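Please read the structure below before turning to the comments.
The values are calculated or read from the model by the stated rules, or taken from the named source; none is laboratory data. Given the structure is predicted, the values throughout are model-derived calculations rather than measurements. Counting neighbours? That spans all protein chains shown, and the Cβs are built from the backbone with ideal geometry, glycine included. Note: accessible area is taken over every heavy atom of the protein model, side chains too, but ligands, DNA and RNA are not part of it. Shrake-Rupley method; radii C 1.70, N 1.55, O 1.52, S 1.80 Å.
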Amino acid sequence: MWVFICLLCLIGAFLMLTKLSLLERKGSVLSLALATALASVGAVPWAVRVNTQELSRFLNRLDVLNDLCVLLAIESLVMLLGAARLMRRHAAHEPIGPAAAIVLAPSSACLAGIFIMIVLLCNQTTGRSYMVIGSLHGVGVWGLLTGGAFLIRRLLGLWRARLEMLLVMAFVQLVLAMFLPLVARGFTVPAQTTGSHVRALLASTALSVLCAAIALVIRAVYKAFMIRGEPQ
């Protein structure tokens, strides 16, 4: 189960970087990344109460994956539905309103991944205080978010290319959120109640979903680079 959750966290991290790259002002990118980093530092008191065994048991629970997937499915739908309003405001050079700002809100899966990293660092690092570890982790989060966002802005160029990338990633997250609980449920069923052909079917389904997701991302990147080369 933790493999599926880590996969969702990686998708969420890329979504977070793409959202940051859509912000017009560099100050807004730095501020949102700083707020996320400060939130990770503020989570240290809760992270130190969790050991790696408890974290492993928690991440291997099917209900945790189900709840996370429901949250991510709702988040993806909000992004897909709110993208039109965000595009209209950008075209009219209007400030982002509350409804459009929801599209650019921090990714839930990315925040979950950041918390998991804090727990692992606090449990694996010795000889330093937890606040020092949390502070260093916060600096790293801020650097990765800002660096990744500016890198995407430089690579993709046009704002609409980055928005298309966001929509593709939101759709990929929605598809994974719909199928991963079904696939994971098949792997948790005892072997005596599930035939090998059923497990093979579930494995092939998971592989097909992942391949389709990867293909969508590659197509979006390619199309974004093509858009960047168009005359403005």
- Task: Starting from the Cα-Cα distance between residue 24 and residue 102, subtract it from 0.36 nm times their residue separation and give me the gain in nm to one decimal.
- Result: 26.5 nm
- For residue 119, what is the net charge nearby, where nearby means another residue's Cβ is under 10 Å from its Cβ and Lys, Arg count +1, Asp, Glu -1? 0
- Task: Over all alpha-carbon pairs in region 1-74, figure out the percentage whose distance exceeds 19 Å.
- Result: 53
- Please report, in whole Å, how far the alpha carbons of region 130-176 spread along each principal axis, starting with the longest. 40, 28, 10
- Estimated Rh, region 1-141: Kirkwood, alpha-carbon pairs, angstrom: 16.4
- Note on the structure: At R0 = 45 Å the Cβ-Cβ FRET efficiency linking residue 84 and residue 48, nearest 0.05, sits at 0.55
- From largest accessible area down, sort 102, 116, 5; use a 1.4 Å probe on the protein chains. 102, 116, 5
- Item | Backbone N within region 1-30 under 15 Å of label point (7 Å from residue 123 Cα along the Cβ vector) | 1-3, 6
- Item | Distance from region 142-167 to region 74-108 (C-alpha centre basis), Å | 16
